[in-house]
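Trainee: Quick one: this structure, given as structure tokens, is what I'll be asking you about.
The values are calculated or read from the model by the stated rules, or taken from the named source; none is laboratory data. If you're wondering where the values come from, they're calculated on a predicted model, not measured in any experiment. For neighbour counting, all protein chains shown are included, and Cβ atoms are generated from backbone atoms with ideal geometry for every residue, glycine included. The area values use the complete protein model at the heavy-atom level, side chains included, leaving out ligands, DNA and RNA. Shrake-Rupley method; radii C 1.70, N 1.55, O 1.52, S 1.80 Å.
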Amino acid sequence: MAQHIVKDSHLPIFVQEVDVASTVKGDDWVGKGAIRGLAGYDGRLAEDGKYYTTVDTAAEVRFDAVAGAFAIGDSVYRKTDGSAFVKAATADHVLIGVATRAKAAAAGKLFVQLIPQAA
């Protein structure tokens, strides 16, 4: 599934640097506890031997090839394994943000305004 940052928050308070796997590339989904968003760049090796990237937790992002209908303002939950998006909380989905554009039920683009540190 392709994903892309549509609009950065432009607020440093919402940009978090987190440790990631060495395989993380820019625009990959990153979820570290309550910090969720797209990687700002490929993971970079630091002096401590870990790889790091930045995550803008308040950006607007686009996810391609998403099934299911969403209305503007619907809550968006993402399955913890990254495989699906839904509008209602379940045991294996976490809140990531709200839909910023209406989307028909057919597979297509889902635009989401991330909510920093959503529960």
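Trainee: So, Val98, is that one open to solvent by less than 40 Å² (accessible area, probe 1.4 Å) and within 20 Å of Leu38 (Cα to Cα) or not? Walk me through how you get there before you give the answer.
Mentor: On the way: open to solvent by less than 40 Å² (accessible area, probe 1.4 Å): no; within 20 Å of Leu38 (Cα to Cα): yes.
Answer is no for this residue.
Trainee: Which one of these does Tyr41 not meet: (1) within 20 Å of Ser9 (Cα to Cα); (2) touching a Leu at 6+ places or on another chain (Cβ under 9 Å); (3) surrounded by fewer than 19 Cβ atoms within 10 Å (Cβ to Cβ)?
Mentor: Of everything listed in (1) within 20 Å of Ser9 (Cα to Cα); (2) touching a Leu at 6+ places or on another chain (Cβ under 9 Å); (3) surrounded by fewer than 19 Cβ atoms within 10 Å (Cβ to Cβ), Tyr41 misses just condition (2).
Trainee: In region 20-30, how many residues are within 11 Å of the chain's Cα centre (by Cα) and open to solvent by 50 Å² or more (accessible area, probe 1.4 Å)?
Mentor: Here is the first cut: in region 20-30, the residues within 11 Å of the chain's Cα centre (by Cα) are 27-30.
If we keep only those that are open to solvent by 50 Å² or more (accessible area, probe 1.4 Å) as well, we get 28-29.
Residues that pass the stated criteria total 2.
Trainee: Determine which member of the set Asp19, Asp48 is more than 20 Å from Phe111 (Cα to Cα) and either among the hydrophobic types (A, V, I, L, M, F, W, C) or in a strand (DSSP E or B) (or both).
Mentor: Within the list Asp19, Asp48, the selection yields Asp19.
Trainee: Hey, His10 hits all of (1) modelled with pLDDT under 95; (2) loosely packed, with under 13 Cβ neighbours inside 10 Å; (3) at negative phi but one; which does it fall short on?
Mentor: That leaves (3) as the condition not met.
Trainee: Of all residues in region 85-119, how many are closer than 12 Å to Arg62 by Cβ, touching a residue at least 40 places away in the same chain (Cβ under 8 Å) and not in a strand (DSSP E or B)?
Mentor: Of the residues in that region, 1 qualify.
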